[in-house]
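Encoded as structure tokens, the structure appears first; notes follow it.
The values are calculated or read from the model by the stated rules, or taken from the named source; none is laboratory data. These numbers were taken from a predicted model, which means no experiment stands behind them. A quick note on method: Cβ atoms are made from the backbone with ideal geometry, for glycine too, and the neighbour counts reach across all protein chains shown.
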Amino acid sequence: MRVVGIETEYGIADPARPQANPILMSSRLVEACRGWAAGRTSRWDYGGEDPLQDQRGSRRDRASAHADLLTDASEYDSAAGGVSLRRRRGSWEDPAHLNAVLSNGARFYVDHAHPEYSGPEVRSARDAVLWDRAGDAIALAAAARYERDEDGSVALYKNNVDGKGSSYGTHENYLVERATDFGDLATRLTAHLVTRQVYTGAGRVGLGQRSERAGFQLSQRADYMEAELGLETTLRRPIVNTRDEPHAERSRWRRLHVIIGDANCLQVPTYLKVGTTALVLSAIEADDDRLDALTLADPVAAVQAVSHDLSLRSRLPLASGEAATALEIQRALLEICRTYAHDADDALVLARWESVLAVLARDPMEAAADVEWVAKLRLLTRLRDKNATVDADGVVTPLPWDAPMLAALDVQWSRLGDGWAARLEAAGQATVLVDPHEVERAVTHAPADTRARLRGGIVAARPDLVDAAGWSSVVLDREGDHLEVVHLDDPHQASHPLLDPLIAGA
């Protein structure tokens, strides 16, 4: 499968101090993570950051860009080539405690008001689940260290809404051939991103960005999608993000940055989210014109329509003048993608995709073990029924959807460690794809088949030599007056003549 990666911003709160500053808490949590890692961390190298370049060929003027777009902490020239020398320029990043590059190849850092775990590059949907789960374990370990060092409390939530109108992201990244026209890519991918909510949605109490209306919906992110295309990620959020920041050889690759997805606490939604999207991208790269028949007439309206339809039967207008349900579109994509299954991992994704769609078509409530919004809805329905009222005529009225108790359970569903999702999984009521012992190893070890092996390996073996690291670079300090930059422009690259001996201890 193509190289992919998942980024998760966690909700953060102090249960004992609801008004605690989340930025300060996030900063101290990352500092605690560095302490937990016992020195096997690195600063972040911002040399490859370029957040203002647009896939459509334009470049946003820095002076007019919203501050949230400026993910690069500073600007400086980065030499091209395999290995180069860079003179020390003092601090080239924000304060060191805001970043930690870890031995498993991931980055744990502060993104605005949230701690974020950016997982290492992987090459299978199952590995995406594995290192995503490793991120949850790392976040919990950092929280434990935080509570010890700060003599305070911290709770982390793997969700996308705070219940007050704000949304934070769980982003996916896919390596895509640059030869593929970006306009075609965006048009042909949109129907998938809009309709995959039927099995990737995490479920949410409330309709509208501020839960203006009572109810339940499939996705946490749907009501925050306001455009088809765009460079932004925190305002006027687009279905297809246009940031052109490949973190790889620009002439060969694009990095498709997907921001529409939910944070998933169950494993199958994460697996299908990554595996199905990777297969659809293969169909797009092959210029499969069967995808054109699935083009939506109004994608932004369709995002909310799919999310608000618990029956999964609403028909979405297509550009052709016809209409189809989200399940019908997903079934059509499944049949197209059969052509592009190249290995056993792809075959497993197709089988799981087909199975989940079949259950959803028969009766969505039977899919609770594999579909998160269904599992959450089933739990909430039991709570509504348990707290129902009976009037004088014997009419039973379930607890209304705008009851604070339901909103509270929605938040507690995603609490790391002891939330309702974790309890259901522990009770055997959710499908498990990765073994806890595998997760334990992934906490400290990087994937062996991508460049994450080099980044994580050198941080683990020789943190004393690593001045900084980024997605496509490792900066070594071996001379004292110069910094040696090792460029890793191919995400598939798992070996390097300079780094391999250092990792091996030579």
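Summary of values
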read-out: Qualifying position, being surrounded by 21 or more Cβ atoms within 10 Å (Cβ to Cβ), of a type in the set (Gly, Ala, Ser) and at pLDDT below 95, among Gly11, Gly39, Gly47, Gly57; value: Gly47
read-out: Top-ranked residue in the range 461-482 [being buried (at least 20 other Cβ atoms within 10 Å of the Cβ) and hydrophobic (A, V, I, L, M, F, W, C); ranked as nearest to Ala448 (Cα to Cα)]; value: Trp471
read-out: Residue count for the range 113-138, restricted to those that are out of contact with any helix residue (DSSP H, G or I) (no Cβ under 7 Å at 6 or more places or on another chain) and not in a helix (DSSP H, G or I); value: 3
read-out: Any hit, the range 172-193, residues being touching a residue at least 12 places away in the same chain (Cβ under 8 Å), of a type in the set (S, T, N, Q) and in a helix (DSSP H, G or I); value: yes
read-out: Complete set of residues in the range 131-153 that are crowded, with 21+ Cβ neighbours inside 10 Å and more than 13 Å from the chain's Cα centre (by Cα); value: Ala134, Ile138, Ala139, Ala142, Ala143, Tyr146
read-out: Residues of the range 157-171 that turn out to be buried (at least 24 other Cβ atoms within 10 Å of the Cβ), closer than 22 Å to Arg107 by Cα and out of contact with any Asp or Glu (no Cβ under 7 Å at 6 or more places or on another chain), as a count; value: 1
read-out: Scan of the range 1-56 for residues that are among the β-branched types (Val, Ile, Thr) and part of a strand (DSSP E or B), ordered by number; value: Val4, Ile6, Thr8, Ile12, Thr41
read-out: Meets criteria (of a type in the set (Ser, Thr, Tyr) and in contact with a Gly (Cβ under 6 Å, 6 or more places away or on another chain)) for Ser211; value: no
read-out: Residue check, Val485 of a type outside the set (Asp, Glu), modelled with pLDDT under 95, crowded, with 20+ Cβ neighbours inside 10 Å and under 15 Å from Ser42 (Cα atoms); value: yes
read-out: Identity of the residue in the range 208-239, modelled with pLDDT under 95 and touching a His at 6+ places or on another chain (Cβ under 9 Å), that ends up surrounded by the most Cβ atoms within 10 Å (Cβ to Cβ); value: Thr233
read-out: Pairs, first closer than 15 Å to Ala139 by Cβ in the range 417-440, second polar (S, T, N, Q) and in a helix (DSSP H, G or I), C-beta under 9 Å, six or more apart; value: Asp418/Gln412; Gly419/Gln412
read-out: So Ala326, is it more than 23 Å from Arg221 (Cβ to Cβ), small (Gly, Ala, Ser) and surrounded by 14 or more Cβ atoms within 10 Å (Cβ to Cβ); value: no
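Yes/no matrix, rows are residues, columns are (1) under 24 Å from the mean Cα position of the chain (by Cα); (2) on the phi > 0 side of the Ramachandran plot; (3) surrounded by 20 or more Cβ atoms within 10 Å (Cβ to Cβ):
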site	(1), (2), (3)
Pro269	yes, no, yes
Val280	yes, no, yes
Ala283	yes, no, yes
Asp289	no, no, no
Ala297	no, no, no
Leu316	no, no, yes
Ala332	no, no, no
Arg338	no, no, no
Leu350	yes, no, no
